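The values are calculated or read from the model by the stated rules, or taken from the named source; none is laboratory data. Small disclaimer: the values here were computed from a predicted structure and weren't measured. Because the Cβ atoms are built from the backbone with ideal geometry, glycine has one as well, and the counts that use them run over all protein chains shown.
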Amino acid sequence: MAQIKIYGLREHLDPVKRVLSDVIHSCVVDALSFPKDKRAHRFFAMEADDFFYPASASPKYTIIEISLFEGRAVETKKTLIRALFERIGAQCDRRPNEIEITITETPRHNCDSAGCPVTRSACLTRWTSDGLEIASNPCASAPRSTDIAAGG
């Protein structure tokens, strides 16, 4: 799982939204071995009176919040962050002081997708040292979250 939120001033975020999404996604694919078709980005283009940024930055200041399942190596997360700074700078006209990146890790037991708890082995997209291994029949035999909550 990589849920990504991107915040910035509307006038500076909207013109680069598609390219920025592509750049972020390429970094996630490369650094975390994500499938190319697995993208979950949400953009929050804000008005100036709703978005304050540091004096050391410019109006291009962009915040990227990444939510991942816990358990990745520190070096893997550093690789992702380095790639983001390099590629966003090169392709989206942002200096390092105009980019802020935070990674928040979520335990798998705190997540549910399409009524299927991700901790169930039948539903789980598993990460191995070699990369991604997808369960052959996700959620086919697993009870839905509502069934689990009801004791089923």
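Can you find a residue in the stretch 5-17 that is surrounded by fewer than 18 Cβ atoms within 10 Å (Cβ to Cβ) and closer than 30 Å to Pro107 by Cβ?
Looking for residues that are surrounded by fewer than 18 Cβ atoms within 10 Å (Cβ to Cβ) and closer than 30 Å to Pro107 by Cβ, one finds at least one in the stretch 5-17, hence yes.
Could you list, ordered by first residue, the pairs with Cβ atoms under 6 Å in which the first is in the stretch 1-23 and in contact (Cβ under 8 Å) with a residue 60 or more places away in the chain and the second is assigned to a loop (DSSP other than H, G, I, E, B), at least 6 apart or interchain?
Every condition considered, the pairs that remain are Gln3/Ala40.
Just need a number here: residues in the stretch 70-98 that are surrounded by fewer than 17 Cβ atoms within 10 Å (Cβ to Cβ) and either of a type in the set (Ser, Thr, Tyr) or in contact (Cβ under 8 Å) with a residue 60 or more places away in the chain (or both).
The qualifying residues number 4.
Would you mind listing the strands (runs of 3 or more DSSP E) fully within the stretch 62-134 where at least 1 residues are under 20 Å from Ile6 (Cβ atoms) and modelled with pLDDT of 60 or more?
Fully inside the stretch 62-134 and qualifying: 62-69, 99-106.
Could you list, in sequence order, all residues of the stretch 27-52 that are free of Cβ contacts under 8 Å to residues at least 40 places away in the same chain, part of a loop (DSSP other than H, G, I, E, B) and either closer than 17 Å to Ile101 by Cα or β-branched (Val, Ile, Thr) (or both)?
Hits for the stretch 27-52 are Ala40, Phe52.
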